[in-house]
Every structure is written in structure tokens, then in C-alpha cells.
Amino acid sequence: DHLFWLPGWKIRPKVEFNKLLDKELLNPSWIIDNAGVKLVSELSNQATLVIWLDLPSLGNLVRVMRRSLKRRFFTHVSPIGQEKLIENFKLWRYVLRYKKERKPLLEQGIGQHHSLIKISHWNETLALLNTLRQNKDKTR
């Protein structure tokens, strides 16, 4: 988020974002979240591990709706300013159509990455986190 958003939740110009991203990728480790299809394709070639959270659409929709409504009516904070109801509907529509429209493009972009962990259910997320914690404890 700190690369993509300017203060006041304004979108950073693409050229500036790309320069910051290139600088960030020089670090020995990094995490990319919610990148565009083109970016995912490029970055998956540089990544040593890709963890893809491909969780159920209905659960994602419920979380996004809850977050949107909370921001709209309680916190008045949003990455896109004071969201209008129509903007929420666009986001909700995106979440619902993700599996049909975006997922095939992401699958193409990620391809057969040599170290891909694809998580399709929240229980798998918890299992992965527990495994990572156990491995961290063993290395201490």
C-alpha cells in the first residue's frame, strides 16, 4: 500500500510507482499483495516462493462488504475517499466475478511456478501459518 497510495489515499502515478517497486525488489525479501496480472507474471519469475490465496468468493464478498460498510458508516476512512454506494457495488461485483474474469489470467501469469502454494480454503491458511510458526520455533 505504501508504494501504491499517496497521502490522502490518492493513487500514485504509474511511472513513480514502478520506480519505487523496482527499488523495493532489490531488497533480499519482499511481499507483494493484490498485484495486477502483468505485475504478478513478472514478479513470479523473481520470487522464490509464491503463496496464492485463492479463497472462496462468497467468504471474500462478505468480508469486503463488511469492511466497506464499516468504513462508510463508522470510520469514514477509505483508500478511495468517502466511498459512494456505487463504488462499493463495483468492488463487490469485482469480488464476485474474480473467479471467472481474473483468476484465469493470474493462473497464466503465475504459470507452473516451482514453489507455488495455492490456498483455497481458510483452514489451509491456518495450517500454513501453524507450520510456519513451528518451523520458526525449531530454528530458534
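The values are calculated or read from the model by the stated rules, or taken from the named source; none is laboratory data. What you see is a predicted model; the values in this text were computed from it and never measured. Side chains included, ligands, DNA and RNA excluded: accessible areas come from the protein's heavy atoms. Shrake-Rupley method; radii C 1.70, N 1.55, O 1.52, S 1.80 Å.
Couple of notes before you dig in:
- Out-of-range pairs (alpha-carbon distance over 32 Å; input K14/K90; K103/K138; K100/K138; K14/K103; K23/K118): K103/K138; K100/K138
- Karplus-derived HN-Hα couplings along the range 96-105 (A = 6.51, B = -1.76, C = 1.60, θ = phi - 60°), whole Hz, x at Gly and Pro: 5, 8, 3, 4, 7, 9, 8, 4, x, 5
- Heavy atoms of H2 accessible to a 1.4 Å probe, total area in Å² rounded to 10: 130 Å²
- For R93, the accessible area of its heavy atoms, probed at 1.4 Å with every protein chain present, is near 140 square angstrom.
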